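The values are calculated or read from the model by the stated rules, or taken from the named source; none is laboratory data. In this text the structure is predicted, and so the values were computed from the model without any measurement. Neighbour counts are summed over all protein chains in view; Cβ atoms, including those assigned to glycine, are modelled from backbone coordinates with ideal geometry.
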Amino acid sequence: MSVRAPTPRRSRVARICRRVGAAVAVSTLLAGCRAVKEVSENTQPFSLTTGVIRGRVLDQPTGSALAGASVHLIDRAGADVQDQTAVAYVDNDGKYTFPNVRPGTYRLRAEGPNHEPETSDEFVMDVNMTFGRDFSLRPK
């Protein structure tokens, strides 16, 4: 039994098909990566069981971020919430976030050094809800 060597034309066509196939695979992969990046940058996290609370704490006279401030998540009984994050600290831009808040009725209390604390009205959190509340604290 003799084995025939492939003709130059067939091997050239096969090489071209492999290269085109590889190019299509790479371009498809890159397009998919770009799509995933766009979706992840432009969407909020989805949760089936919790919500998000976010806002800012500012100095009332100046409107600037209040360094050293904190925000407490308070339950209906008036105590810091148990079994989840109860205190959030503001960042350099005055922003705070409670990322995984269970459904329920809450209030927020913002406190800052040398400033009067401020407490929000009650609000109801539901699943996959984002609640925003900014505070503007007065100096003591």
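A few comments on the model shown:
- The single residue among Ala35, Ala77 that is farther than 22 Å from Lys140 by Cβ, of a type in the set (A, V, I, L, M) and modelled with pLDDT of 60 or more turns out to be Ala77.
- Verdict on Asp75 being of a type outside the set (Phe, Trp, Tyr) and either more than 26 Å from Leu48 (Cα to Cα) or loosely packed, with under 14 Cβ neighbours inside 10 Å (or both): no
- Given (1) more than 16 Å from Leu137 (Cα to Cα); (2) touching a His at 6+ places or on another chain (Cβ under 8 Å); (3) modelled with pLDDT of 95 or more, number of the condition Arg54 does not satisfy: (2)
- Within region 54-62, one or more residues are more than 22 Å from the chain's Cα centre (by Cα), more than 16 Å from Arg133 (Cα to Cα) and not hydroxyl-bearing (Ser, Thr, Tyr).
- You will find that of Thr49, Thr85, the residue that is at pLDDT 85 or above and in a loop (DSSP other than H, G, I, E, B) is Thr49 and no other.
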